[in-house]
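The values are calculated or read from the model by the stated rules, or taken from the named source; none is laboratory data. Nothing here was measured: the structure is a model prediction, and the numbers come from that model. Ideal geometry is used to build each Cβ from the backbone, glycine not excepted, and the neighbour counts take in all protein chains shown. Surface accessibility is based on the protein's heavy atoms, side chains included, excluding ligands, DNA and RNA. Shrake-Rupley method; radii C 1.70, N 1.55, O 1.52, S 1.80 Å.
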Amino acid sequence: MSERVDYVVAGLGALGSATCMELARRGHRVVGLERFELGHSHGASHDTSRILRHSYHTPGYVRLTQQAYVDWARLERDAGTELVTVVGGLDLFPPGAAISPLDYTTSLDEVGIRYEVLDRAGVAQRWPQFSLPEGTLALFQADAGIVPAGRGTRVMQEQARRHGADLRELSPVLAVQELDAGGVEVTTSAGALRCERLVVCADAWANDLLRGLGVSLPLEVTLEQVTYFRPERPADFAPDRLPLWIWMDDPSFYGFPCYGEATVKAAQDCGGPVVDPDRRTADRDAAMEAVLAGHLARMLPGSGAPVRSLRCQYTLTPDRDLVLGPVPGHEPVVVGLGAAHGFKFAPTLGRLLADVAVGDRTSCDLTPFRLDRPGLTDPAYQAHWLV
Ligand SMILES: Cc1cc2nc3c(=O)[nH]c(=O)nc-3n(C[C@H](O)[C@H](O)[C@H](O)COP(=O)(O)OP(=O)(O)OC[C@H]3O[C@@H](n4cnc5c(N)ncnc54)[C@H](O)[C@@H]3O)c2cc1C
């Protein structure tokens, strides 16, 4: 006999946990299914920290970040715990940068977000830790902050359970079938569940779940690496002395001030090899670490030597845009995917995915994130991940 519930959410990383939290908060019977144990490190939502920022390359994303700050603040209130650490953010555009500063300044201007433009000397005066090439342009936005990855996901799971969601770990979804009478049947190793709608938040494994519907999204999974460095003088890299930074070039790098420990974390964006998420290693990549250490030695010379590295998966869409919406032709199945920049939006994406699942109006236009957009359907679409 199939178990009947209102909604099933497949995958309990940041997006699935937020969606369960939102559906349960609205009083719906929701079951969340996770193939590994909750809090595992095989996906994209583990480790210490993620960047939350307003500076984005389109006004649409800048507006979505405004909702994200509101939703993180609500989560903090509901959970009675601090989750956002505001430290400020520097977007660094070296001469001839592959990423245009204009996309960022015009997007922030259109939405009315305050920021400062600094040159090399202006950065050196405020943050002497940086050593930048002549002609570098910097964009400082004071509200940029750090949100905790693993802890943030756990808090959303706790809130989901507090509202009555049934979260089941070690419960892989094995098959998805749309029912003629409406709704979806979800088969797990423990039996089948029937629901009005299924929300797929399986990131790197999304296509495994959509295969049963004859659907496959053009996703690339890359195995990224973050590295922790131990600075000689950690006080110089404290959150009130060093902002978040993003090197807006190709290759692109990003980094954090000290956060909960006397190390600075940094990584290359889209620097990892394409992998099969079920056959990937967790081992440190010395070559990736060397490339990053070389960049830090030039740009942030006091950041010290690497002390540990950690692997994590990016799931990239060709246009690096989020995926949010029903599967065309299979409307009872909804997909949520962060395109390797989704953590900052997690509480908001959970709310929007719940809106889509229950058929409510959404607080923003989801057209850019539809599954039938050219970036996901046009085989000739030229992928570009650096935005
Ligand atoms: C190194 C790194 C740095 C990042 N930095 C930032 C940042 O600074 N800011 C930012 O906003 N974003 C950042 N991101 C992106 C962000 O972390 C991800 O977009 C986000 O965590 C994705 O969450 P998710 O829940 O969709 O995916 P995941 O956390 O991967 O969750 C998917 C879940 O689905 C489960 N699953 C898969 N198959 C099944 C199945 N058959 N049955 C049941 N469960 C299943 C998996 O086990 C997994 O738990 C970064 C990502 C990485 C890797």
_segment 166-206 versus segment 94-141: alpha-carbon centroid distance in Å_ = 45
*Once Rh is set to the Kirkwood radius over Cα pairs, what Stokes-Einstein translational diffusion coefficient, in µm²/s, holds for segment 111-225 at a temperature of 10 °C and a viscosity of 1.306 mPa s?*
82
*asked:* If I fit a long axis through the Cα atoms of helix 14-25 and take the longest principal axis of the Cα atoms of the chain, what angle between them do I get, 0 to 90°, rounded to 10?
replied: 50
*Taking the inverse of the average 1/r across all pairs of different Cα atoms in the chain, what Kirkwood radius in Å do you get?*
21.4
_Difference of contour (0.36 nm per residue) and Cα-Cα distance, Thr362 to Arg298_ = 18.5 nm
*With θ set to phi - 60°, apply the Karplus curve 6.51 cos²θ - 1.76 cosθ + 1.60 along segment 271-278 and write out the HN-Hα couplings as whole Hz, x wherever there is a Gly or Pro.*
x, x, x, 5, 9, 8, x, 8
_To test your reading of the geometry: what angle, between 0 and 90 degrees and rounded to tens, separates the Cα axis of helix 346-358 from the longest principal axis of the chain?_
20
*Each residue of segment 36-51 in order: what ³J(HN,Hα) in whole Hz does its phi give by Karplus 6.51 cos²θ - 1.76 cosθ + 1.60, θ = phi - 60°, with x for Gly and Pro?*
9, 7, 4, x, 5, 10, 8, x, 10, 10, 9, 5, 8, 8, 9, 8
*Separation of the Arg126 and Asp283 label points, Cα + 7 Å toward Cβ, nm*: 4.3
*Take Ser131, Ser17 and sort them by solvent-accessible surface of the protein heavy atoms, 1.4 Å probe, largest at the top.*
Ser131, Ser17
*Rounded to the nearest whole Å², what accessible area per residue is found for segment 269-314 with the 1.4 Å probe?*
49
*In what order, largest first, do Asp208, Asp6 sit by accessible area if the probe radius is 1.4 Å?*
Asp208, Asp6
_Farthest positive-ward along the chain dipole, Cα basis, beta-carbon charges - from Thr367, Leu223, Gly255_ = Gly255
*When the helices in the chain are scored as -39500 (n - 2.57) per DSSP H run of 4 or longer and the sum is shared across all residues, what 222 nm value do you end up with, to the nearest 500 deg cm²/dmol?*
-8000 deg cm²/dmol
*asked:* What are the equivalent ellipsoid semi-axes of segment 46-175, built from the alpha-carbon gyration tensor (square roots of five times its eigenvalues), in whole angstrom, biggest first?
replied: 35, 16, 15
*Which angle from 0 to 90°, rounded to the nearest 10, does the C-alpha axis of helix 286-299 make with the longest principal axis of the chain?*
40
_Hydrodynamic radius (Kirkwood) for segment 180-316, which is based on Cα pairs only, to one decimal in Å_ = 17.6
*DSSP bridge orientation in the chain - percent antiparallel, rounded to nearest 5*: 75
*Taking all protein chains as present, what is the carbon and sulfur share of the accessible area of the chain, in % to the nearest whole number, probe 1.4 Å?*
51
*Run the numbers on the chain and let me know its relative contact order in percent, using alpha-carbon pairs under 8 Å that are six or more apart.*
23
*Take the Cα pairs of segment 257-310, get the Kirkwood Rh, then feed it into Stokes-Einstein at 4 °C and 1.567 mPa s and tell me D in µm²/s.*
102
*Name the residue, out of Ala18, Ala160, Ala262, whose mean-square fluctuation peaks in a Gaussian network model built on the chain with Cα pairs under 10 Å.*
Ala262
*State the Cα centre-to-centre distance between segment 226-259 and segment 326-387 in whole Å.*
31
